[in-house]
Ligand SMILES: Cc1cc2nc3c(=O)[nH]c(=O)nc-3n(C[C@H](O)[C@H](O)[C@H](O)COP(=O)(O)OP(=O)(O)OC[C@H]3O[C@@H](n4cnc5c(N)ncnc54)[C@H](O)[C@@H]3O)c2cc1C
Ligand SMILES: Cc1cc2nc3c(=O)[nH]c(=O)nc-3n(C[C@H](O)[C@H](O)[C@H](O)COP(=O)(O)O)c2cc1C
Ligand code: FES
């Protein structure tokens, strides 16, 4: 059993939940955990199941999660008082190091869309100056405060950061992050690792193919178990077989996915 | 000592018999929430349970439905996995051996597109080390061309059960009945009369979840099967009716989330119980539940479950 240590309101409906977790640190790099801070039968409608969250950062006996409030479970997690017991099952799934054991020696483009920022800090921390993060939101409404981004730089010194909002209402550039990313790929091709909405992940597969760079995607799907038994999270690959996001993912070879048939 | 004081029972006996099968306890993992038996070892060793039941197996692998495949609705869960499974051969090759070596009692849940599929699956399993076969003729995601699940059609239920009993040799057949029918007892009797060793009920209920804003169903394929806490009252009623009318064992399931839920099914007349959604919520639940049932029997001065089975006062 873990315990809530702190919940920081980051602005834009985003919260940083820090948990005391015996056994931490764990290798994060896209791995996730099941979290629950309510009774077995749920606390009101829509809270029967635990929820999956990417591990944001990990330290001694401590893990943090970037939680965007979108429904009942994320609201409960975002309002925990320090000391509240939280059921933690994790770390689960495969991380970037499982797909590319040598990843830390290379320079990468990291691409995060919305709450897809979740897994990025642990990857940035491993890469430092070899990371360039492109982080996009739809509008200012969901952007965390700039103070939070400044904190991120503490974990990944010298990492580069490009931010954008699609409608130009927030800080950073206006438009999709794939635009500045494409400019960079033209000049200096690098492998890509990304997390975010399916249309973004699908667009990145096209870009990666176009610029012939490796592409790893941290995918999301609705999950009931997170442990490989229920097949809620099964998604199609181009070879005609399925994979379980919770077991064979969430970090997968983004060029092997049948994005046209992924609906999450 | 007052007349009604309960004398604690030192070591209650949890074992139950399902026909020729001796189970060490009455708690089974239901089909669809325990993979092929080995995946949850770290939380719930399969050999510690009364038995484990596999995900529904078909003759060849099935891809299942597009996503989203699950959605929470009210206090329950709706799923439309679409019966994705690795197929019988992969289960026999990869999972059954290790399960049996670990000492687990294994039930294979089977499903087909035609009555012949069920019989072929059963004859192949009859040659294997599985301990029993559960016929899934009741999945809301699986319908015969007539539109009903196989198990809702009395003639088909009779012939599938009868032919599978024959094909199974000495392996017990458990027929898993559909929950939403006019007369559950009539169907259960058909299973009994055609040689089923036991019946299990209930499967998930046909259900729909709608997104008001988009006016679309929340699952890609539309409807799915409702499971979890909301279906327990219906399950208890169906189990109580069947247990009274049948002489073969009834295995009860639907919404069991703790030992008290499980014991209510025993009081309703179930010989054993299965846990479905409860395992998704807490993979350690079955193990805790077995311990809790044991303590409850002890504290209440009961030597075994037979002392409360079917004790429902009406
Ligand atoms: C591997 C993985 C890692 C994740 N990491 C993070 C993270 O770091 N930070 C974060 O804020 N969220 C993350 N999510 C998404 C998070 O699990 C959901 O937002 C959460 O379950 C919503 O719960 P809720 O009760 O608040 O809302 P719900 O009422 O359950 O859902 C609200 C809305 O979110 C959608 N939704 C629900 N579950 C998912 C899902 N699994 N994926 C995509 N959309 C979903 C629903 O369709 C609905 O429209 C992750 C999901 C997965 C599978
Ligand atoms: C995700 C999921 C998958 C399921 N798959 C199967 C299956 O393959 N075969 C079957 O007979 N029942 C299947 N079921 C039904 C369960 O075994 C059980 O009958 C039902 O969920 C009711 O029990 P519960 O409320 O404890 O979950 C599935 C249920 C769920 C939630
Ligand atoms: S969430 Fe259950 S198999 Fe992945």
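The values are calculated or read from the model by the stated rules, or taken from the named source; none is laboratory data. All values reported here derive from a predicted model rather than from experimental measurement. Glycine gets a Cβ as well: all are built from the backbone with ideal geometry, and neighbour counts include every protein chain shown.
Listing for the model above:
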| quantity | calculated |
| --- | --- |
| Candidate set: the stretch B:35-70, residues that are part of a strand (DSSP E or B) and more than 7 Å from chain A (Cβ to nearest Cβ); chosen: the one farthest from residue A:242 (Cα to Cα) | B:51 |
| Residue B:213 being within 14 Å of chain A (Cβ to nearest Cβ) and surrounded by fewer than 19 Cβ atoms within 10 Å (Cβ to Cβ) | yes |
| Any chance residue A:97 is outside any strand (DSSP E or B) and touching a residue at least 24 places away in the same chain (Cβ under 8 Å) | yes |
| Residue in the stretch A:12-24 that is closer than 24 Å to residue A:232 by Cβ and within 14 Å of chain B (Cβ to nearest Cβ) present | no |
| Residue, nearest to residue B:228 (Cα to Cα), within the stretch B:71-90, restricted to residues that are more than 7 Å from chain A (Cβ to nearest Cβ) and surrounded by fewer than 19 Cβ atoms within 10 Å (Cβ to Cβ) | B:87 |
| Scope the stretch B:23-34; condition within 10 Å of chain A (Cβ to nearest Cβ) and part of a loop (DSSP other than H, G, I, E, B); matching residues | B:32, B:33, B:34 |
| Residue check, residue A:219 within 16 Å of ligand 2 (Cβ to nearest atom), under 30 Å from residue B:278 (Cβ atoms) and not assigned by TED's automatic domain parsing to the domain that holds residue A:50 | no |
| Only one of A:228, A:240, A:172 that is without any contact (Cβ under 8 Å) to a residue 40 or more places away in the chain, touching a strand residue (DSSP E or B) at 6+ places or on another chain (Cβ under 9 Å) and over 27 Å from residue A:90 (Cα atoms) | A:172 |
| Scan of the stretch A:47-71 for residues that are within 16 Å of ligand 2 (Cβ to nearest atom), within 9 Å of chain B (Cβ to nearest Cβ) and in contact (Cβ under 8 Å) with a residue 12 or more places away in the chain, ordered by number | A:49, A:50 |
| Helices (runs of 4 or more DSSP H) lying entirely in the stretch A:143-230 (those with 3 or more residues that are surrounded by fewer than 14 Cβ atoms within 10 Å (Cβ to Cβ) and modelled with pLDDT of 95 or more) | A:178-187, A:198-210 |
| Residues that are surrounded by fewer than 20 Cβ atoms within 10 Å (Cβ to Cβ) and assigned to a strand (DSSP E or B), drawn from the stretch A:69-89 | A:85, A:87 |
| Residue within the stretch B:19-40 that is more than 18 Å from the chain's Cα centre (by Cα) and either under 22 Å from residue B:292 (Cβ atoms) or crowded, with 24+ Cβ neighbours inside 10 Å (or both) present | no |
